[in-house]
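Sharing a structure with you now.
Computed from the coordinates by the stated procedures, all read-outs in this text should not be read as laboratory data. Everything numeric here is computed off the predicted structure, so don't read it as measured data. For neighbour counting, all protein chains shown are included, and Cβ atoms are generated from backbone atoms with ideal geometry for every residue, glycine included.
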């Protein structure tokens with residue numbers, strides 16, 4: 001059969017790191033214009049394989065062919081020169097530089113900011129990725145940063161585009177748009193290597209997929225002919241369990257936000273406009289929205305990091321907490337899991353045992369001295385109960401994988417049986433197994449009577465575990481929507497900023 | 001009036017070594033390296049510059065020797081802190097102590113000697129202007145060179161790819177490495193630039209500003225220059241502003257003494273240092289501003 005030279009052909013790639021065989025004889029072929037899915041859990045070897053392709057790691061054995069010729073890119077710059085572009089999952093952006101400057105660093109040639117800014121805006125319009133080129137990256141939301149990464153990559157006109165989990169921060173409509181873009185690129189002959197653990201996406205988008213598990217290829221298939229169940233068997237050896245719980249009658253109002261309007265602390269933040277919500281005992285309420293629409297500001301006001309809200313505008317039960325400091329709110333039964341695990345949820349360099357001290361105020365110290373026996377016991381019990389993979393209670397937080405650290409942090413809060421549990425992006429960057437477990441823990445907490453508020457960009461997650469939803473867009477919160485009445489499309493429209501009144505009507509319509 | 005003009009001229013002269021060293025250290029720090037060896041580099045360069053100037057009779061040769069000495073000394077720092085990834089703070093402090101000792105030892109033969117170099121160069125025409133002539137146009141060329149250097153550094157940092165690269169390396173060496181920049185090479189380069197500037201500043205002190213060699217004659221200017229970079233929130237023109245501000249405080253101290261104002265001279269000598277602390281405290285009041293300008297990786301080790 002006559003065959004064009006593959007754009008990228010990997011044969012027998014193996015890569016060993018101390019203590020782990022990250023890639024074991026991996027082969028993979030991507031044709032020009034093909035959208036090829038690479039699926040696998042965190043730690044399955046996807047990142048290592050992409051590092052090899054992108055020139056950031058050298059394989060121990062195996063061969064890489066590019067358009068038929070054997071190549072061995074020894075640096076990302078060389079890989080880019082070949083025409084390989086990569087959108088990283090962990091952004092490789094420079095916070096204090098502007099968008100234009102960040103893009104310029106990756107592009108060769110003369111530095112013409114004005115022209116580049118126009119190119120960025122044009123690219124943004126063409127692919128529905130709006131960014132302000134003059135903004136500093138540190139002031140951008142996670143979602144906006146990803147747009148910058150994607151645009152930076154596209155401006156290099158790659159002939160192979162590697163996308164590492166690109167959709168986790170996009171609205172469903174934006175995902176559709178992105179897929180349109182990717183189809184457009186592929187019809188122009190660009191090969192796309194699409195790394196994801198979202199099996200539905202891979203099924204819609206990709207014509208072929210390679211599945212990795214434990215560093216080995218466990219299958220190459222046409223995902224359109226597979227089911228989610230069969231793909232997930234290839235990927236994790238089993239189907240991920242769905243969170244199950246006994247939905248109970250929601251009780252009294254626990255967390256109340258009452259017409260909260262406030263200016264952001266940071267100059268570049270989003271002001272909140274007249275935000276009202278209620279979370280009752282024994283229910284999970286979700287806030288959907290694309291990041292950067294006021295979630296951070298709202299969460300800071302709830303957690304107490306920003307204690308400028310009018311006192312009565314935030315209440316736990318009948319207690320006004322708007323102006324209380326963090327510790328006082330915690331004493332009232334509020335537990336909070338922030339989006340950033342390292343640095344905000346945990347101190348990276350300290351052991352898990354010491355990290356328990358961050359949010360446990362009682363029983364761990366005596367006369368101001370740390371009781372090491374107590375924190376070790378607590379850390380060990382969290383590790384055991386939540387199945388955290390760690391070297392032990394004293395393992396530094398940064399030595400854990402994202403999923404395991406998140407399990408630990410969620411566990412640390414859950415063991416306090418908080419009255420009000422607020423969690424942001426509970427499964428961001430967490431593998432399927434751990435994500436399912438974290439969701440199950442959140443549901444279990446609700447069943448035990450807590451009021452739970454989940455802020456997430458993953459709609460499927462919200463639909464799976466929540467009883468009611470709000471949508472945040474541009475600092476405004478929609479009306480409350482019962483999950484059983486809601487549709488993904490409707491929520492997506494609200495995320496895009498459709499007026500909230502329309503949504504209310506739709507809810508009534510759906511109910512009728 | 002003529003007195004004020006002289007005071008301005010003296011201020012510019014006094015601020016010049018601070019500006020030179022500060023600008024060099026600013027580039028250093030923009031790439032994420034904190035070199036606390038500044039004082040030591042300046043001392044070594046002051047001694048080396050004086051020795052060469054003394055024997056060759058050429059101020060230019062002395063200044064160049066100072067710059068070279070600064071670069072060589074900075075390479076010791078680079079080898080340790082960048083090559084072997086030793087702690088930047090400890091390495092810098094050790095080099096300052098080492099430089100103080102080495103310069104005192106090497107300068108023994110020159111103690112009490114002076115060099116007869118011209119310190120004022122009147123610019124034809126301009127120096128005839130009343131007041132401004134004396135205040136601005138009868139100074140040593142190094143004063144103007146330092147200002148020119150400030151302009152060049154500001155332009156490079158803001159407008160060129162080189163400057164962008166240096167800032168990127170200082171912001172996130174990991175990301176810069178991932179994109180494909182030679183992080184360590186760039187840092188060795190910026191540290192060498194810092195060494196050259198500190199060297200020029202040191203040699204300027206011993207050859208032009210106080211044309212004689214005395215042990216420890218840099219007298220804390222290296223530390224003030226380090227403080228200046230923070231004071232200036234890593235912006236070149238603010239380094240110049242700060243340098244002249246400190247220069248003026250030094251000069252006011254002399255002027256007050258000359259006027260016979262009854263203040264203990266020790267109290268007056270403290271002025272520049274007190275000013276440093278006050279200004280640093282004021283600048284630190286705006287965390288967002290610091291965050292935007294401070295190189296995020298400053299002082300942190302980087303393993304490629």
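Hey, how many Å between the Cα centroid of the stretch B:166-214 and the Cα centroid of the stretch A:210-231?
Rounded to whole Å, the Cα centres lie 52 Å apart.
Which semi-axis lengths, in whole Å and largest first, follow from the square roots of five times the eigenvalues of the Cα gyration tensor of the stretch A:237-391?
Details: eigenvalues 171, 94, 64 Å².
Over the Cα atoms of the stretch A:237-391, the semi-axes work out to 29, 22, 18 Å.
If you take the square roots of the eigenvalues of the alpha-carbon gyration tensor of the stretch A:87-127 and sort them as a ≥ b ≥ c, do you get rounded (a/c under 1.5), prolate (a/b over b/c) or oblate? If you can, show how the numbers build up before the last one.
Numbers: a/c = 1.82, a/b = 1.20, b/c = 1.52.
Because a/c hits 1.5 or more and a/b fails to exceed b/c, the stretch A:87-127 counts as oblate.
In addition: Considering every pair of different Cα atoms, what Kirkwood radius, in Å, is found for the stretch B:89-195? Intermediate results must be reported in sequence, preceding the final value.
Working: mean 1/r = 0.0548 Å⁻¹.
Value: 18.2 Å, from the Cα pair sum.
Modelling each spin label as a point 7 Å along the Cα-to-Cβ direction, I'd like the residue A:362/residue B:108 distance in nm, to one decimal.
So the label points at residue A:362 and residue B:108 sit 7.1 nm apart.
Taking every DSSP beta bridge that has both residues in the protein assembly as shown, what percent is antiparallel when rounded to the nearest 5? Don't jump to the answer; show the numbers that get you there.
Numbers: 40 of 80 bridges.
Around 50 percent antiparallel, to the nearest 5.
What percentages make up the Cα-Cα pair-distance distribution of the stretch A:389-506 when the bins are 10 Å wide from 0?
Computed distribution, short to long bins: 12, 39, 30, 14, 4, 0.
So what's the stretch A:3-236 giving for Cα Rg divided by 2.2 N^0.38 Å, two decimals?
Details: Rg = 17.4 Å, N = 234, 2.2 N^0.38 = 17.5 Å.
Normalised Rg, Cα atoms only: 0.99.
Given N residues in the stretch A:82-167, what is Rg(Cα) / (2.2 N^0.38 Å)?
On the way: Rg = 11.7 Å, N = 86, 2.2 N^0.38 = 12.0 Å.
That works out to 0.98 for the stretch A:82-167.
Treating the angle as unsigned and between 0 and 90°, give the value, to the nearest 10°, between the Cα long axis of helix B:2-30 and the longest Cα principal axis of chain B.
Helix B:2-30 sits at roughly 10 degrees to that axis.
On to the next question. Can you pull a Stokes-Einstein diffusion coefficient for the stretch B:140-203 at 37 °C (0.692 mPa s), Rh from Kirkwood over Cα pairs, as a whole number of µm²/s?
On the way: Rh = 13.0 Å.
This corresponds to a translational diffusion coefficient of 253 µm²/s.
Using a 10 Å cut-off around each Cβ of peptide A:96-102, what is the average number of partner chain Cβ atoms that fall inside? Don't skip to the answer; put the middle values down first.
Working: counts 12, 5, 0, 0, 1, 5, 5.
Average per residue, whole number: 4.
Kindly express, to the nearest 10 degrees and within the range 0 to 90, the angle between helix B:38-56's C-alpha long axis and the longest C-alpha principal axis of chain B.
Relative to chain B, helix B:38-56 is tipped by roughly 50 degrees.
Shifting gears a bit: Give the order of A:188, A:413, A:305, A:34 when sorted by the count of other beta carbons within 10 angstrom, beginning with the fewest.
Working: A:188 11, A:413 23, A:305 15, A:34 20.
Taking fewest neighbouring Cβ atoms as first place, the list is A:188, A:305, A:34, A:413.
Starting from the 7 Å offset along Cα-to-Cβ, what nm value, one decimal, do you get for the label separation of residue A:14 and residue A:326?
4.8
Under the rule of -39500 (n - 2.57) per DSSP H run of 4 or more residues, summed and divided by the residues of the protein assembly as shown, what mean residue ellipticity at 222 nm is obtained, to the nearest 500 deg cm²/dmol?
Using -39500 (n - 2.57) per qualifying helix, the result is -15000 deg cm²/dmol.
Sort B:58, B:103 by Cβ crowding within 10 Å, fewest neighbours at the top. Write out the running numbers ahead of the final one.
Details: B:58 15, B:103 27.
So the residues, fewest neighbours to most, are B:58, B:103.
Using every pair of alpha-carbon atoms in the stretch A:337-380, split the distances into 5 Å bins beginning at 0 and state the percent of pairs per bin, rounded to integers.
5, 23, 30, 22, 14, 5, 0
Now a separate question. Per residue of B:173-184, count partner chain C-beta atoms within 10 Å of its C-beta, then hand back the mean as an integer. Provide the component values of the computation, followed by the final result.
Working: counts 0, 2, 9, 3, 4, 9, 11, 12, 4, 2, 0, 0.
Partner-chain Cβ atoms within 10 Å, mean over residues of B:173-184: 5.
Counting only DSSP beta bridges with both residues in the stretch A:3-236, what percent are antiparallel, rounded to the nearest 5?
Here the antiparallel bridges make up roughly 55 percent for the stretch A:3-236.
Starting with the fewest neighbours, write out A:17, B:144, A:127 ranked by other beta-carbon atoms found within 10 Å of each beta-carbon.
Numbers: A:17 11, B:144 16, A:127 19.
With the fewest neighbours first, A:17, B:144, A:127 line up as A:17, B:144, A:127.
Please pull out the direction-averaged projected area of the stretch A:345-417, using the convex hull of its alpha-carbon atoms, in nm² to one decimal place.
That works out to 4.3 nm².
Report Rg(Cα)/(2.2 N^0.38 Å) for the protein assembly as shown, keeping two decimals.
On the way: Rg = 31.3 Å, N = 816, 2.2 N^0.38 = 28.1 Å.
Ratio of Cα Rg to 2.2 N^0.38 Å: 1.11.
I'd like the FRET efficiency for residue A:81 and residue A:207, computed as 1/(1 + (r/R0)^6) with the beta carbon distance as r and R0 of 22 Å, rounded to 0.05. Working shown, then result.
Working: r = 28 Å, r/R0 = 1.26.
Taking R0 as 22 Å, the efficiency between residue A:81 and residue A:207 is 0.20.
Continuing with the same structure: Label-point separation (nm) for residue B:122 and residue B:93, each offset 7 Å from Cα along Cα-to-Cβ?
According to this spin-label approximation, the distance is 5.1 nm.
Related question: Would you mind checking the tilt of helix B:161-171 against the longest principal axis of the Cα atoms of chain B, expressed as 0 to 90 degrees and rounded to 10?
70
Now for a different question. For the stretch A:4-62, what is the Kirkwood hydrodynamic radius in Å, using each pair of distinct C-alpha atoms? Spell out each step's value before the answer.
Working: mean 1/r = 0.0832 Å⁻¹.
In the stretch A:4-62 this quantity evaluates to 12.0 Å.
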